[in-house]
Amino acid sequence: MPLTLQTKTLSGYFIAFLLLLVSYILIFYTIRELGKETREVTDSYNLINHLESLHSDMAEAETGVRGYIISREVSFLMPYYASQKTIPRRFAELDALARGGRIQKATIEKLKQYSSASLAYMENAITRFQKAGLVVTDTMLLNREERRLVLDSMRLLIAEAKKSGEKHIASKTDTLSGFFSSTKTIAITSLLVAILTIIYSLYTYKRENRAREEATTKVTRYQQELETKLKELKKLNAELQDLKQIEKFAATGRIARTIAHEVRNPLTNITLAAEQLHESLENEGEQAVMLEMIGRNASRIDQLVTDLLQSTRFAQLEFKEVDINQLLDETLELAADRIQLQQLQVEKDYSPDLCTVKIDKEKMQLALLNIIVNAIEAMPAQKGVLKLKTTKRNDKCVIEIADNGSGMDEETMQKVFEPYYTGKKNGHGLGLTNSQNIIFNHKGKITVRSNPDWGTIFTITLQLSSLI
């Protein structure tokens, strides 16, 4: 049974992985051993340096004492006094190396004995020289020979220790060279494994590359066709939503006119009857008060019907060219008192391109003011941010009025333009309906996006005046 492409590829990568894993393990082991050997070489060098420093300190101390005895100058004793501090530090460093096994403890102990004896001879010589009135005595000459023998023994011991350290360095250097050679071999092997893996991958890829390219081309073509259809679908869906919105508005207008016709006829009869009854009363008693109440409520109902008709009726417009940015600034001036009272922040992001529209300025200003007032009332005092943005998109002028208020849920957004629908305690629910009517009269479009987490955005789209 022939192996599939996937099986061949997986097998090749698995073999390459095993080989590389072995190579990396060997490299890791080699690096660890290199580190160990390098530390031993470093310790050996440190040993030689400390031994040389110890020898130098002792020689300088001896030379200083001899110079003091010959010249009687106290300044020659400075190296001697300095050695009393440096020599213990040298032995502390040698003790640390002895714990690492780089030098025998017995050797260090002998060096300490020789060093203590030599310093004692030096101190004794200085004391006797000073007591003899700075004169060299025969006893001092005999002690000088003993001190020289101690120093010679110390030099020989240091020389042997240095020679042993140098042999150890040479041995470790050879070991390091072997490790470096092994590392080089492993690296070359790893490189060959990588090259073989790449060659295998390229060979496998070339065999199936043509089919993959054809499949990719088909997928790309299908994806482009799908994206085109999705764009068309979104465009049609947007147009459908606009038609639904206009149809809903027209239906609302028809209902409003029907209500006005059916309500006003009996309402007129009620009003006339109440007036006649009021006139027939001889005094202003309780009956007169009740009749006045009937008259006031009848007038209120009549005004509500009138407002409903105006908010859903296609009105006669007086068009003129207006700069939308200037119109927004003028509308903000009308709401300035509310903004200052709420201590709100206003942010403007106006398009630098000239965005001129042909509109009925007063009615469009009323529509914008209704939206801005709703935004102001939806935001908390001192924390609210009112954002106004204008954009010129192809042949359209787009206005965005955003707030960071309480926002609306999906059900509220569906009813926001319906007459008498309001979430405010004292609202009559016709402000946004009137704004929608005005924008539709201008053959424009208004949409709303909202979320309780970030607020509400009203988007108004109008035709540029140059294209009307």
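Points to keep in mind about this one:
- Mean Cβ neighbour count within 10 Å, used as a protection proxy, ranking 405-412, 328-335, 368-375 highest first: 368-375, 328-335, 405-412
- With 27 Å as the limit on Cα-Cα distance, the pairs of LYS110/LYS163; LYS363/LYS383; LYS231/LYS443; LYS348/LYS415 that go past it are LYS363/LYS383; LYS348/LYS415.
- ASP360 accessible area, assembled protein chains, probe 1.4 Å, Å²: 10
- In loop segments of segment 366-425 as defined by DSSP, the trypsin sites (Lys or Arg not before Pro) with at most 16 further C-beta atoms inside 10 Å of their C-beta are LYS383, LYS424, LYS425.
- Local charge for GLU362 was computed over the other residues whose Cβ lies under 13 Å away, with Lys and Arg +1 and Asp and Glu -1, and equals 0.
- Tail fraction, Cα-Cα pairs, segment 360-435, threshold 19 Å, whole percent: 43
- 21 Å tail of the calculated P(r), segment 341-468, as % of Cα pairs: 40
- In segment 379-462, the portion of solvent-accessible area held by carbon and sulfur atoms comes to 46 percent [1.4 Å probe, whole percent, DNA, RNA and ligands not counted].
- On the beta carbon distance between SER181 and SER153, with R0 = 41 Å, the FRET formula returns roughly 0.45.
- In the context of the full set of protein chains, segment 368-443 has a per residue accessible area of 48 Å² (1.4 Å probe).
- Based on every Cα atom in segment 315-376, Rg and the maximum pairwise Cα distance Dmax equal 12.7, 38 Å.
The values are calculated or read from the model by the stated rules, or taken from the named source; none is laboratory data. As the structure is a computational prediction, the values presented were derived from the model and not from experiment. So basically every Cβ, Gly included, is an ideal-geometry build from the backbone, and we count neighbours across all protein chains shown. SASA here: full protein model, heavy atoms, side chains in, ligands and nucleic acids out. Shrake-Rupley method; radii C 1.70, N 1.55, O 1.52, S 1.80 Å.
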